[in-house]
1. Applying the selection to region 1-41, what residues are of a type outside the set (S, T, N, Q), over 10 Å from the mean Cα position of the chain (by Cα), more than 18 Å from residue 62 (Cβ to Cβ) and assigned to a loop (DSSP other than H, G, I, E, B)?
2. Which is open to solvent by less than 70 Å² (accessible area, probe 1.4 Å) and among the aliphatic types (A, V, I, L, M), of 13, 8?
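The values are calculated or read from the model by the stated rules, or taken from the named source; none is laboratory data. These numbers were taken from a predicted model, which means no experiment stands behind them. Here the Cβ positions follow ideal geometry from the backbone for every residue, glycine too, while neighbour counts run over all protein chains shown. Note: areas computed on protein heavy atoms with side chains; ligands, DNA, RNA excluded. Shrake-Rupley method; radii C 1.70, N 1.55, O 1.52, S 1.80 Å.
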Amino acid sequence: MSQEANAILNTWIERVNACDVEAIASMYKEDAVLLPTFSDQIRRTLEEKKDYFRGLAKYKSVTVTIHQDTAACEHLGGSF
């Protein structure tokens, strides 16, 4: 994984684990589509994304961790 992509992922993880909804939402482009893990509702708008992360923040025991030894990174083209 590129250093820049790794830094972005680590920032996202820190913000999710800190339950900082505004900071998490600021990382998504306006037209980004969120396919959530803990919901069956696709999130398209900024408010829908915030709502998802607000709901997730209620579960203090839920945290995100990347296990580097089992993580796979696939370059799809473009740049980060």
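1. 1, 29, 30, 31, 32, 33
2. Values: 8 fails: open to solvent by less than 70 Å² (accessible area, probe 1.4 Å).
Result: 13 is the single residue among 13, 8 that is open to solvent by less than 70 Å² (accessible area, probe 1.4 Å) and among the aliphatic types (A, V, I, L, M).
Results for (1) part of a loop (DSSP other than H, G, I, E, B); (2) of a type in the set (A, V, I, L, M, F, W, C); (3) open to solvent by 100 Å² or more (accessible area, probe 1.4 Å); (4) touching a residue at least 40 places away in the same chain (Cβ under 8 Å), shown as yes or no for each residue.
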| residue | (1), (2), (3), (4) |
| --- | --- |
| 52 | no, no, no, no |
| 55 | no, no, no, no |
| 67 | yes, no, yes, no |
| 76 | yes, yes, yes, no |
